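Reading through the structure tokens given below for one structure.
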Amino acid sequence: MSITFKLAWKSLLNRKTTAMLTILTVAISVILLMGVERIRTQAKSSFANTISGTDLIVGGRSGQVNLLLYSVFRIGNATNNIDWKSFKEFSAHRSVDWAIPISLGDSHKGFRVMGTNHSYFEHYRYGQKQNLTLASGREFDGLFETVLGADVAKSLGYDIGSDIIIAHGISDVGFSRHDNLPFTVVGILAPTGTPVDKTVHVSLEAIEAIHVGWESGANLGNTPTKKQLEQFDFQPKQITAMMIGLKSKIQTFALQRQINTYKQEPLSAILPGVALHELWGMMSVAEQALLVVSIFVVVAGLMGMLSSLLTSLQERRREMAILRAMGARPRHVFTLLVSEATVLTSIGILCGVVGMYTMLAVAAPIISANYGINIALSGITSHEWMLLGFVQVAGIVIGFFPALRAYRQSLSDGMTIRI
């Protein structure tokens, strides 16, 4: 460590309270800047990792963002359903390798219920083409069996063998519940960090069975019993959406065009990646607003440091005169003030990074449980290093203002202080 930095360190120790407040200001601004950037990038990554390996998502005619939101993220509702005949036709298409039917509309204590078949557990992928795995139990086989997402089981305290009651529609209220048709939990999926964790999975046949005796969301009073329904062989009439995997990526656009121009009913086929890009384009204004706010907080923190240095400078003119008497040149005084600003900024950045990781470690489970966004405590990225570098450089530049003033004062004062 050079003599200048040693002197700067001793000077800061002599002004502990002011230095600590300045460091705290810089640290808080760095925590906000890095925290916003980390949550923004992790949220985008979490959304992008929700679905993987699916070439097309098909639903009733609507915008591609709306179709993506309700079919993948369980947000909102479909404008129209798909006829089961249409699903059978396209699932048997020569270019289709697999197809997953999805039926939405019911709920259980705030969690969405999704009807599907075994293709979902076999072909659905998330993250880096990771497949779904069961933490315990097995896939549903019987009519009134269900497989729960990890968050559903954890938050509601369910285990294998528990019975649950599904409600008609999104609102889980007494008059909408299928009270006489309980489902038995036979499987619990391992955590994925996606909306799968917050989903109750049942068979398509079960969706048809529980709605016997219901019309337009109302119970007509003639609902059969569980034993009676198990005697029937139910076939879906309609589904909400379907996910398609193709044998060759080359056939994607041809099949998409064929589905979009399907004459039997109005359908929309979207590419998940393109829809995600459009979704983030819509949210870019909010992203930029958050970034601007965090940048202004950093600026405010640095301005606080500047104010502190300038305020203390008048009181330190005698100190500067003593340094001059001991042989220090004006450039040494200039370097001393810049070094102090550099040290304050560096310690503030270090405290801010440690504080950010500490806060994320505490908040990550809460964010994951409530918003389904996994915040990984990974190392600092190149972009984050660049942001920290800008903060450090800005702190050094801030130090030039009091340093220049001290430089001029030391020239004019010499060893005689004029106050």
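Each reported figure results from applying straightforward, stated rules to the coordinates on display, with no laboratory input. No experiment lies behind these values; they were computed from the predicted model shown. Using ideal geometry, Cβ is built from the backbone for each residue, glycine included, and neighbour counts are taken over all protein chains shown.
Would you mind working out the magnitude of the charge dipole of segment 56-270 relative to its Cα centre, with +1 at each Lys and Arg C-beta and -1 at each Asp and Glu C-beta, to the nearest 20 Debye?
840
Give the relative contact order (percent, whole number) for segment 104-207; include only Cα pairs under 8 Å separated by 6+ residues.
Working: 229 pairs, mean separation 43.7, N = 104.
Relative CO of segment 104-207 lands at 42 percent.
How high is the relative contact order of segment 77-133, in percent, with contacts defined as C-alpha pairs under 8 Å that are six or more residues apart?
Relative contact order, segment 77-133: 22 percent.
Arrange the peptides 134-145, 274-285 so that the one whose residues have, on average, the most other Cβ atoms within 10 Å appears first.
134-145, 274-285
Report the FRET efficiency, 1/(1 + (r/R0)^6), for Thr133 and Arg257, where r is their Cβ-Cβ distance and R0 is 41 Å, rounded to 0.05.
Efficiency, rounded to the nearest 0.05: 0.70.
Which residues does the label zone of Ala376 cover in segment 49-89, counting backbone N under 12 Å from a point 7 Å along Cα→Cβ?
49, by backbone N distance to the label point.
Do you know the relative contact order of segment 56-270, to the nearest whole percent, from alpha carbon pairs under 8 angstrom that are 6+ apart? Walk me through the intermediate numbers first.
Working: 432 pairs, mean separation 68.7, N = 215.
It rounds to 32 percent for segment 56-270.
At Ser284 and Gln264, where each label point lies 7 Å from the Cα along Cα→Cβ, what is the point-to-point distance in nanometres?
Result: 3.9 nm between the two label points.
Cα to Cα, under 16 Å, and not fewer than 8 places away if on the same chain: which lysines meet these conditions relative to Lys249?
Within reach: Lys129.
With bins 5 Å wide starting at 0, give me the P(r) of segment 180-303 over every alpha carbon pair, in whole percents.
2, 7, 9, 11, 12, 12, 13, 11, 8, 6, 4, 3, 2, 1, 0, 0
Once R0 is set to 22 Å, what does the formula 1/(1 + (r/R0)^6) return for the Cβ-Cβ distance between Ile75 and Leu291, expressed as a FRET efficiency to the nearest 0.05? Before the final figure, lay out the partial values.
Details: r = 24 Å, r/R0 = 1.10.
After rounding, the FRET efficiency stands at 0.35.
Figure the gain on full extension for Val397 and Lys247 (residue separation times 0.36 nm, minus the Cα-Cα span) and round it to one decimal in nm.
48.2 nm
Report the Cα-based extents of segment 56-270 along its three principal axes, largest first, to the nearest Å.
Extents along the principal axes: 47, 38, 30 Å.
Using a/c under 1.5 as the rounded threshold, could you call segment 91-147 rounded, prolate or oblate? The axes a ≥ b ≥ c are square roots of the C-alpha gyration tensor eigenvalues, and prolate needs a/b larger than b/c, oblate otherwise.
Since a/c reaches 1.5 and a/b is larger than b/c, the shape of segment 91-147 is classed as prolate.
Taking the mean number of other Cβ atoms within 10 Å as a proxy for protection, how do you rank 258-270, 345-357 from highest to lowest?
Sorting 258-270, 345-357 by mean packing, highest first, produces 345-357, 258-270.
Tell me, what is a quarter of the convex hull surface for the C-alpha atoms of segment 33-125, in nm² with one decimal?
7.8
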